[in-house]
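**Q** Submitted below is the structure of interest, expressed as structure tokens.
The values are calculated or read from the model by the stated rules, or taken from the named source; none is laboratory data. Since the structure is predicted, the reported quantities are computational estimates derived from the model, not experimental observations. Every residue, glycine among them, receives a Cβ derived from its backbone with ideal geometry; neighbour counts consider all protein chains shown. Ligands, DNA and RNA are stripped out before the accessible areas are found, and what is left, the full protein with its side chains, is counted by its heavy atoms. Shrake-Rupley method; radii C 1.70, N 1.55, O 1.52, S 1.80 Å.
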Amino acid sequence: MKDTKRFPKGLYGWIIHPTHMPLFIRNPSMIAIISVLAALCLAIQLAPRPPNVEFTSLLALVVGFVFGSSVGIFFGGFIMFVNGFFSPWGFAGLNMPFQMVGMGVVGFIGGVYKRHVQSYSSARFYFEVSVLGAFLTVLYDFITNFGVALSYVIIGMHPTLAVVTAVAYGAPFSLIHVSSNIAVFGTLFFPLIKAVNQISMVKNLG
């Protein structure tokens, strides 16, 4: 007979009972569709492209919006983890954790935003998504610029100068990033969530 005395009975049952596992792990259909989206996102992310023109933040927001904040966090973090090693711009190094956190935040906000959407067809929705895209891009760039500043501090630069240098160097790229994401979020977010929701596997989840 197994000795389960070392585990509180309630906790032991919670661990071994599959219905208490996250839906993302329990549902093969969800794993399949998210895997496809991750493969698509990585193919785009790792392909040569203009600096700071990307679709990862859009897809992270879509995944968080459709599947929930926890899945959005995992998706965004995973994509940037892989990107950190294989990006055409080189190894991310110390900045990788900051990239993962920044994109995980984007996925998390996707799940939060869904709770506040009242209409998908109004002009207000498209405007909100564009503004949200700009805000999340600025937030992501701020987090990753902090990572760059930290690397400067490690090599001996004064913290204040390190932050100013990182922000100043990244400003032109952030301008491109924000401008492109306003257009990308405003035009592609709704078609993407509509397409993902229409996939039969997604309709039958849960």
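**Q** Tabulate in residue order the Karplus-calculated ³J(HN,Hα) for the stretch 71-77, using 6.51 cos²θ - 1.76 cosθ + 1.60 with θ = phi - 60°, rounded to whole Hz; enter x for Gly and Pro.
**A** Each residue's phi maps through the Karplus curve to give 5, x, 4, 4, 4, x, x Hz.
**Q** Still on this model: Which residues' amide hydrogens lie under 5 Å from the amide hydrogen of Met157, considering only partners 5 or more residues apart or on another chain, with H built in the peptide plane?
**A** Those lying under 5 Å, H to H, from Met157: there are none.
**Q** I've got another one for you. At a probe radius of 1.4 Å, what is the per-residue accessible area of Leu37, in Å² to the nearest 10?
**A** Rounded to the nearest 10, the figure is 20 Å².
**Q** Using only the heavy atoms of the protein chains and a 1.4 Å probe, how would Arg124, Arg49 rank by accessible area, largest first? Write down the numbers at each step before the final one.
**A** Values: Arg124 160, Arg49 50 Å².
Greatest to least solvent exposure: Arg124, Arg49.
**Q** On the accessible surface of the stretch 37-127, probed at 1.4 Å, how many percent belong to carbon and sulfur atoms?
**A** Working: 3100 of 4250 Å².
So the carbon and sulfur contribution to the accessible surface is 73 percent.
**Q** Compute the distance in nm between two label points, each set 7 Å from the Cα along the Cα-to-Cβ direction, one at Lys194 and one at Ala123.
**A** That separation, rounded to one decimal, is 1.8 nm.
**Q** Mind listing the phi-derived Karplus ³J(HN,Hα) values for the stretch 128-136, rounded to whole Hz, using 6.51, -1.76 and 1.60 with θ = phi - 60°, and x for any glycine or proline?
**A** Couplings: 4, 5, 5, 5, 4, x, 5, 4, 5 Hz.
**Q** Determine the order of Tyr113, Tyr152, Tyr120 by accessible area, beginning with the largest, at a probe radius of 1.4 Å. Don't jump to the answer; show the numbers that get you there.
**A** Details: Tyr113 30, Tyr152 55, Tyr120 90 Å².
Solvent-accessible surface, decreasing: Tyr120, Tyr152, Tyr113.
**Q** Arrange the residues Ser151, Ser87 by how much accessible surface each exposes, largest first, with a 1.4 angstrom probe.
**A** On the way: Ser151 40, Ser87 20 Å².
From most accessible down to least: Ser151, Ser87.
**Q** Got a sec to turn the phi values of the stretch 54-63 into Karplus ³J(HN,Hα) couplings, 6.51 cos²θ - 1.76 cosθ + 1.60 with θ = phi - 60°, whole Hz, x for Gly and Pro?
**A** 3J(HN,Hα) across the stretch 54-63, in whole Hz: 8, 10, 5, 5, 4, 5, 5, 5, 4, 4.
**Q** Ile143: accessible area at probe 1.4 Å, nearest 10 Å²?
**A** Using a 1.4 Å probe on the heavy atoms, I get roughly 30 Å².
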